[in-house]
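**Student:** Following this message is one structure expressed as structure tokens.
Computed from the coordinates by the stated procedures, all read-outs in this text should not be read as laboratory data. The structure displayed is predicted, hence computed values, not measured ones. Cβ: placed from backbone, ideal geometry, glycine included. Neighbour counts: every protein chain shown.
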Amino acid sequence: MSGAELPRLDCDVHIEAAVPQVWELVTDIRLPARFSPELQRVAWLDDAERPAVGARFEGHNRHHTGAEWRTVSHVVELVEHRAFAWAVLDEDGLFGEPARHPEQALAHWRFELAPDGDGTRLRQTAALGPGRSGLTLIVERSPEHRDQILSGRQEEWLAGMGSTLRGIKDLAERSR
């Protein structure tokens with residue numbers, strides 16, 4: 001799959017809470033696992049305790065098909081109260097050669113926050129690639145079904161992103 005073919009998705013929500021309050025939630029790397037149908041658990045690596053550019057964390061995932069895998073993510077952007085982004089790597093080489101640098105990411109994820117009236121507009125973006133992923137392997141095995149495979153995965157990502165954003169919204173608005 002070329003870069004032009006790789007899925008990129010955005011999902012956003014208005015939250016009736018101040019940007020700093022929402023920021024505290026989105027920079028808690030463990031929080032998405034509470035809401036995601038796929039991400040099961042997350043932990044900081046290398047004695048990190050909070051996001052910082054270059055900090056690493058591992059994620060453990062389980063797909064409804066029964067597939068399970070671990071990823072290691074590197075924080076690649078951190079602009080307080082504005083943006084938090086990470087590159088997801090296949091350091092274990094599950095999908096090909098081990099990928100240990102953000103430019104080899106199997107996916108990029110980003111939260112972007114902006115003031116929105118009396119609250120916050122929270123956007124989550126996910127982009128596949130450029131590195132190899134489980135999706136790459138599936139498409140290589142069945143190239144004739146490429147469009148259906150990509151469409152199905154995009155639907156899964158959007159459902160997971162929506163669930164995560166609704167969970168963050170609920171937590172932020174309940175604790176106002």
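**Student:** Each residue of region 118-129 in turn: what ³J(HN,Hα) in whole Hz from Karplus with 6.51, -1.76, 1.60 and θ = phi - 60°, glycine and Pro shown as x?
**Tutor:** Running phi through 6.51 cos²θ - 1.76 cosθ + 1.60 with θ = phi - 60° gives 8, x, 9, 9, 10, 10, 10, 10, 10, 9, 7, x Hz.
**Student:** Under unit Cβ charges (Lys, Arg +1; Asp, Glu -1), what dipole magnitude, rounded to 20 debye, does the chain have relative to its Cα centre?
**Tutor:** 240
**Student:** Please report 109, 44 as a ranked list, fewest other C-beta atoms within 10 angstrom at the top and most at the bottom.
**Tutor:** Listing 109, 44 from fewest to most nearby Cβ atoms yields 44, 109.
**Student:** Have a look at region 1-115 and give its Rg and Dmax from the Cα atoms, expressed in angstrom.
**Tutor:** Here Rg and the maximum Cα pair distance are 14.7, 44 Å.
**Student:** Report, in order of residue number, the helices in the chain meeting two criteria: a C-alpha extent of 30 Å or more along the helix axis, and a mean Kyte-Doolittle hydropathy of at least 0.0; treat each whole DSSP H run as one helix.
**Tutor:** None pass (Cα extent of 30 Å or more, hydropathy at least 0.0).
**Student:** Would you compute, from DSSP H runs of 4+ residues alone, the mean residue ellipticity of the chain at 222 nm, taking -39500 (n - 2.57) per run and dividing by the full residue count, rounded to the nearest 500?
**Tutor:** It comes out at -8500 deg cm²/dmol, rounded to the nearest 500.
**Student:** Quick one: which residues, 5+ away or cross-chain, put their amide H under 5 Å from the amide H of residue 77? H built at 1.01 Å from N.
**Tutor:** When sequence neighbours closer than 5 places are left aside, the close amide H contacts are 85.
**Student:** When every alpha-carbon pair in region 69-176 is counted, what percent end up more than 21 Å apart?
**Tutor:** In whole percent, the long-distance tail amounts to 47.
**Student:** Starting with the fewest neighbours, write out 158, 135 ranked by other beta-carbon atoms found within 10 Å of each beta-carbon.
**Tutor:** Least crowded to most crowded, the residues run 158, 135.
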